[in-house]
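What follows is one structure encoded as structure tokens, with my remarks underneath.
Read-outs: derived from the displayed coordinates by stated rules, not from any lab. On a predicted model such as this, the values are computed, not experimentally measured, just so you know. Glycine gets a Cβ as well: all are built from the backbone with ideal geometry, and neighbour counts include every protein chain shown.
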Amino acid sequence: MISAIALTGVLALSACTNSAAPEAEVTPEAEVTFEAGTTMAALNEAGTITIGTKFDQPLFGLAGPDGDPVGFDVEIGKLIAAKLGIAADDIEWTETVSKNREPFIQSGEVDLVIATYTINDTRKEVVSFAGPYYEAGQDILVLAGNPDGIESIDDLAGQTVCSVTGSTSEKNLVDAGVTVLPAAGYGDCLEPLRSGAVVAVSTDNVILAGLADQNSGEFEVVGNPFTEEPYGIGLALEDDEFRSWINDVLTESYEDGTWDAAWESTVGKVLETPTPPAVDNYTRP
């Protein structure tokens, strides 16, 4: 059970798990053309796209029984692929962790990264971002009952907290004077929390909500977000045509209800549907 969670904006806990949440299904565009030489044209002609996402993030990107990931980030990827004329079965999913997101984009190993990926100015120097398509906030996961009485980031100063190597969350903790126990994935942080090796786990609130929901009765989210984390879609630096096109796809999904359907079939089983943020068609300096 998730307790004491307060999410930014209009996000709030559902009164109960929505087991009857609709399935998010998108049909690939049957006849779609793009200007020659664009990334969209190349992907459409290839009939496939490689997308990097998390495989260990409940609700957003978690490997399913068949090995393919499921979650909100995955549904956003399917939505974009469909607009390129690419079916969900023709998406190649590549497991992407926090520390290899930029390298995977830069090397061309993936076409896109949709992986609870916070947009920030440092990352914009090496990759481009479409979106944001969701705005989270960093929070704190503790043992059920909060035995250490942790209420805010201030209570973590001088303590040891688990977070993922290379993540924005890790940097935020270090900047706040917190000792970080690094992990490859957030699921790897749960055992140190159970054993008392750390007093908390810290990352974006929706990720923590997923972990708490997956481990009912063991953990709770403090519910005091201390950052704003706009999630973006990472792509090759200076591919402005592709970035603008993805932003148009996202904006259209906000208007036609496909974004809502993607949320409600995944995160919406635990959390209320928020209002999506406006995309940012930024100009690089």
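Odds and ends about this structure:
- Taking Cα centre as origin and charging only the Cβ of basic (Lys, Arg, +1) and acidic (Asp, Glu, -1) residues, the dipole magnitude of the chain rounds to 680 debye.
- Net charge of Cβ neighbours under 12 Å - reference G145; Lys, Arg +1; Asp, Glu -1: -3
- Spatially proximal lysines relative to K124 (Cα-Cα < 22 Å; intrachain offsets below 8 disregarded): K54, K99, K171
- Only Lys, Arg (+1) and Asp, Glu (-1) charged, at Cβ; segment 144-209 dipole about Cα centre in debye: 160 debye
- By the Stokes-Einstein formula, at 1.306 mPa s and 10 °C, the chain with its Kirkwood radius over alpha-carbon pairs has D equal to 83 µm²/s.
- E220, E255 arranged by Cβ crowding within 10 Å, fewest neighbours leading: E255, E220
- For the pair D66 and E228, label points projected 7 Å from Cα toward Cβ lie 3.9 nm apart.
- Cβ-based net charge around R101, under 10 Å, with every Lys or Arg adding one and every Asp or Glu removing one: +2
- Magnitude of the charge dipole for segment 245-285, about its Cα centre and with charges confined to Cβ atoms of Lys, Arg (+1) and Asp, Glu (-1), is about 220 debye.
- By DSSP, the beta bridges lying fully in segment 138-221 are antiparallel in about 50 percent of cases.
- Segment 31-160: Cα Rg divided by the 2.2 N^0.38 Å rule of thumb: 1.28
- Nearest 10 degrees, 0 to 90: helix 72-83 Cα axis against the chain principal axis: 10 degrees
- Label positions at S216 and T251, each projected 7 Å from the Cα along the C-beta direction, are separated by 4.3 nm.
- Exposure proxy ranking, count of Cβ atoms within 10 Å, fewest first, for L193, L181: L181, L193
- In terms of other Cβ atoms within 10 Å, R194, R123 run from fewest to most in the order R194, R123.
- The angle between the Cα long axis of helix 205-214 and the main principal axis of the chain comes to about 70°, on a 0 to 90 degree scale.
- Percent of Cα-Cα distances greater than 17 Å, calculated over segment 138-221: 35 percent
- Per-residue [θ]222 nm for the chain (sum of -39500 (n - 2.57) over DSSP H runs n ≥ 4, rounded to 500): -7500 deg cm²/dmol
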